[in-house]
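A short worksheet on the structure shown next.
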Amino acid sequence: MEKLVELGITEEEIKSMLELNQNILEEPELNILIDILYLINCDERMIKNILISNPNYLSRTKEDVVGLINKLLELGLNDLNILFDSNPYLLDLDDFDIEDYKLEHHYSNEELANQLEGNPFIFSEV
């Protein structure tokens, strides 16, 4: 949890996060998930927002998160930092969730990318 404190997350916020997700990973896995956010150009403010808003992200596997990011990049989305900052719950999805949604709605990659950019909450609405 040391990394969370370094990001400026307070002890009270960490307690709240643990109430929502008792399965938060320990370091170094926790650090890897945070580093992934840095790799997609999230700044510390964005990372803090993402983690406090969606502590479930901190129990994901590196492989699942990388798969999701690769799927979103495949759609043509480049500003994932902005997308995840505006809807941190997207980080709970898997790559197959994106593909299933795309097929179910008969979207092309570009159409789904446009939908996500225009309304990052579309997955919350279904």
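State which residue is surrounded by the fewest Cβ atoms within 10 Å (Cβ to Cβ) when the search covers only the stretch 7-16 and only residues that are on the phi < 0 side of the Ramachandran plot and not in a helix (DSSP H, G or I).
For the stretch 7-16, the residue satisfying everything is THR10.
Pairs needed: first member in the stretch 83-109, closer than 12 Å to PHE121 by Cα and modelled with pLDDT of 95 or more; second member anywhere, hydrophobic (A, V, I, L, M, F, W, C) and loosely packed, with under 12 Cβ neighbours inside 10 Å; C-beta distance under 6 Å; at least 6 residues apart or different chains.
none
Looking only at the stretch 110-120, which residues are farther than 19 Å from ASN54 by Cα, surrounded by 14 or more Cβ atoms within 10 Å (Cβ to Cβ) and touching a residue at least 12 places away in the same chain (Cβ under 8 Å)?
Across the stretch 110-120, the qualifying residues are LEU112, ALA113, GLU117.
For the stretch 17-60, what are the residues that are among the polar types (S, T, N, Q) and farther than 11 Å from LEU4 by Cα?
Answer for the stretch 17-60, where residues must be among the polar types (S, T, N, Q) and farther than 11 Å from LEU4 by Cα: ASN21, GLN22, ASN23, ASN41, ASN49, SER53, ASN54, ASN56, SER59.
Every residue, every condition in (1) touching a helix residue (DSSP H, G or I) at 6+ places or on another chain (Cβ under 6 Å); (2) among the aliphatic types (A, V, I, L, M), yes or no:
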{"site": "ASN31", "(1), (2)": "yes, no"}
{"site": "ILE47", "(1), (2)": "yes, yes"}
{"site": "SER53", "(1), (2)": "yes, no"}
{"site": "ASP64", "(1), (2)": "no, no"}
{"site": "GLU74", "(1), (2)": "no, no"}
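Let's see how each residue does on (1) under 14 Å from the mean Cα position of the chain (by Cα); (2) surrounded by 13 or more Cβ atoms within 10 Å (Cβ to Cβ):
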position: VAL5; (1), (2): no, no
position: LEU18; (1), (2): no, yes
position: LEU25; (1), (2): no, yes
position: ILE32; (1), (2): yes, yes
position: ASN54; (1), (2): yes, yes
position: GLY76; (1), (2): no, yes
position: ASP85; (1), (2): yes, yes
position: LEU91; (1), (2): yes, yes
position: ASP95; (1), (2): yes, yes
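Just to be sure before I move on: is LEU112 more than 26 Å from LYS3 (Cβ to Cβ), out of contact with any strand residue (DSSP E or B) (no Cβ under 9 Å at 6 or more places or on another chain) and outside any helix (DSSP H, G or I) in the structure I sent?
No; evaluated as a whole, the condition is false for this residue.
Out of curiosity, is GLU63 of a type in the set (D, E, K, R) and part of a helix (DSSP H, G or I)?
Values: of a type in the set (D, E, K, R): yes; part of a helix (DSSP H, G or I): yes.
Here the answer is yes, as GLU63 does meet what is asked.
Those residues that are surrounded by 14 or more Cβ atoms within 10 Å (Cβ to Cβ) and either of a type in the set (Lys, Arg) or under 24 Å from TYR57 (Cα atoms) (or both), I need them from the stretch 97-109; list them, please.
If the condition is that a residue be surrounded by 14 or more Cβ atoms within 10 Å (Cβ to Cβ) and either of a type in the set (Lys, Arg) or under 24 Å from TYR57 (Cα atoms) (or both), then ASP97, ILE98, GLU99, TYR101, LYS102 are the ones that fit.
The values are calculated or read from the model by the stated rules, or taken from the named source; none is laboratory data. Just so we're clear, the structure is a prediction, and the values are computed from it rather than from any experiment. In this analysis, Cβ positions are derived from the backbone assuming ideal geometry, glycine residues included, and neighbour counts consider all displayed protein chains.
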